[in-house]
Every structure is written in structure tokens, then in C-alpha cells.
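Data block below; observations after.
The values are calculated or read from the model by the stated rules, or taken from the named source; none is laboratory data. Note that this is a predicted model, so its numbers are computed, not measured. Quick reminder, even Gly has a Cβ in these numbers, built from the backbone with ideal geometry, and neighbours come from all protein chains shown. Protein only, heavy atoms only, side chains kept; ligands, DNA and RNA dropped before computing areas. Shrake-Rupley method; radii C 1.70, N 1.55, O 1.52, S 1.80 Å.
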Amino acid sequence: MFRNMEYVYAVYKEMSFSRAAEKLFISQPALSAMVKKVEKRIGSPIFDRSCSPIRLTSIGQEYINCIEQITDIENQFLQYLNQTETLTVGSLSIGANSVFASFLLPNYIFSFSNRHPSVQVSMSEGNTDTLLQSLNSGALDIVLENYNFTDDTYDKSYLFTENLLLVVPKALLPDSDLERYQLDMYRPGIAANWTSTPCVPLSDFADIPFLTLRTGNDTRYRFEQLCERYSFHPNIHLELDQLTTVYQIACSGIGATLVSDTILRHTPPAHSLYYFRLDADISCRKVYFYFRRKKHITRAMEEFFRISAEQVQLHMLPSEWEA
């Protein structure tokens, strides 16, 4: 009854036969035929095709619930296999936002796979809500996040501390009197001297247009905290979804924004920008690997945490802003 369930689940995740077919690298008619065979076996439609986008029927919802339970049981068995000290078998699924997926996880996964080539590693990119949904369903083993979840559903393993900077296009500050606040991003070893640079008051940028992430994102929340501290009402010019996109648009001179040093450590400084340090109690945030509390930490997870921490020590300067 659950043969070919992966095809049904792909349609459910995309809520579109065409998009699911693209993800599965098969034709849409072939995918539709697969799903119809499953529906014929269970004697009821899984999807209501009369509306757009399609949606699950009541029986379809229960079928999806069962698929997720089956997948969870399979993952638990793989986790059991992962307990072997030699890590000769098993799998590990990791999720992260676009910044971490682009700049951090590839290096961590490469180092892990070099040492444990028999463990199959997969990576998913998405927003926080999507990643947590996958973590809760068992589709992901761990999620790398800079949002501080207080929900007791999750346990976490600390990785490093990330810092937010204010970046302002030079074209928007032609006669800047804020030189004493500026960070010299080009001087070697400058990170060690960041603590000696005073934090810039956000209220000094009242006439500057700002670029922000949409409400609900941790970076946006911290920006709003800074605005509240300085009784500052920003002129928000654009709201976007990805921090890398916001930073690239700021580089073009359209507006100021907050950007994480995770991005700055992996990209060359932009000559078109001024960089400013912000209040550490708001701009510093800890980055964790999150995993479900009810699931034991597998040997593969432990090893991935350890290797990732090694990579942090090798490739990142120690945070100087936590004091």
C-alpha cells in the first residue's frame, strides 16, 4: 500500500505535480500515473485536484501522516546503525538557512565525508519554519540555526558566535563625520581590534534608506531592537527574504543594512561600503546545531559536531565581541 510513497510525498511537499516532477526528474504524466496507482490501491483520492493549488483530502492527510511515521522509523533504524564506532554505515541529513548552506556546511560536510565516506550525508536549504517542520517529521537529523529556540522540543550543540554589522553605502554618506565608528575591514588582524571601536548610534542614520529582511527573521528582530533602543524610526526602502541578497543590494548603493560576519568572513570587503560595529548585547548571536530532544544523538551526529567545531577553529577568527 505504501509502495511508491516517495512520489506521493513529493507532490505533497510541492503541492504541485509539475514542480514535484521536476524535483524527481521524471515527466509530469509519469508522476500522475504513479500517484493514481497509489490512489487506486487505497481506494480513495489522496489529492483534491479541483482547486488550485491542489490540497490533501482527509484520507490523503492520513496517508501522509503514515508516510512520515514510516520514514521516521527508517531513520531511527539508520540511527541505530550509526551507533557503530567505525561509522561504516548510516546516513546524516542536515538543514540550514541559505547563508550557512552556502558558506559553512559545504566545508563541514566535505571534511566529514573525507573521514567517513561510508556515511551518506544530505543537505537541505530553507527558512526556519520549513527546516523545523522537516526536523520534527524526522526528515532532518540536525538543523544549523542562529535563532535561539527556547522550545523544550529541541536540544542543541553550540558551534560559534555570529555578529551583525551595519553596512552603509559610501555614496549615502558623502561627508561622513562618523569616522571614529568605522571598522577598517582591510587592515590585517583587524578583528582583534574591533572591541576598541565604539558602537555607532543607529539614530545617526535617520536620513539613510534601509534594506531589511521581512518580519519574523532573527536579523529583522534584532534590527528592530536596535531601533527601539535609539528611538529610531528607519526609512525602510526594501524588505527581502535572503541576507545575501540584502547585502549584495547594499553593495550597489541602494541602502544600508545589517549583515552577519559569517558572510563577511567568506567574501571580500566591498570598497563601496562603510562598516560599523553595533551594540554587542543585541548584535551578537549564538549559532547552534538543533536536534529533537526525544532522539538520541547518533555516533554520526557526534562526529559531525566535533568535525564542524574543528573547522570553526581552523577557518574563523575567534569572536571578540561577546564581552
Given the conditions (1) surrounded by fewer than 22 Cβ atoms within 10 Å (Cβ to Cβ); (2) touching a Ser or Thr at 6+ places or on another chain (Cβ under 9 Å); (3) closer than 16 Å to D218 by Cβ, and given that K294 satisfies all but one, which numbered condition is not satisfied? (3)
Working only within the stretch 64-78, note down all residues that are aliphatic (A, V, I, L, M) and surrounded by 15 or more Cβ atoms within 10 Å (Cβ to Cβ). I64, I67, L78
Go through (1) surrounded by fewer than 17 Cβ atoms within 10 Å (Cβ to Cβ); (2) modelled with pLDDT under 90 and name the single condition A171 misses. (2)
How many residues of the stretch 282-309 are under 22 Å from F100 (Cα atoms) and of a type in the set (D, E, K, R)? The answer is 6
For the stretch 14-41, how many residues meet the condition of being crowded, with 16+ Cβ neighbours inside 10 Å and closer than 18 Å to N65 by Cα? 4
Condition set in a helix (DSSP H, G or I) and open to solvent by less than 30 Å² (accessible area, probe 1.4 Å), scope the stretch 183-192, selection modelled with the lowest pLDDT: answer is I190
Taking the stretch 27-60 as the region of interest, how many residues are in contact with a helix residue (DSSP H, G or I) (Cβ under 8 Å, 6 or more places away or on another chain) and assigned to a loop (DSSP other than H, G, I, E, B)? 5
Do the conditions hold for S44, that is, is it surrounded by fewer than 12 Cβ atoms within 10 Å (Cβ to Cβ) and more than 31 Å from the chain's Cα centre (by Cα)? no
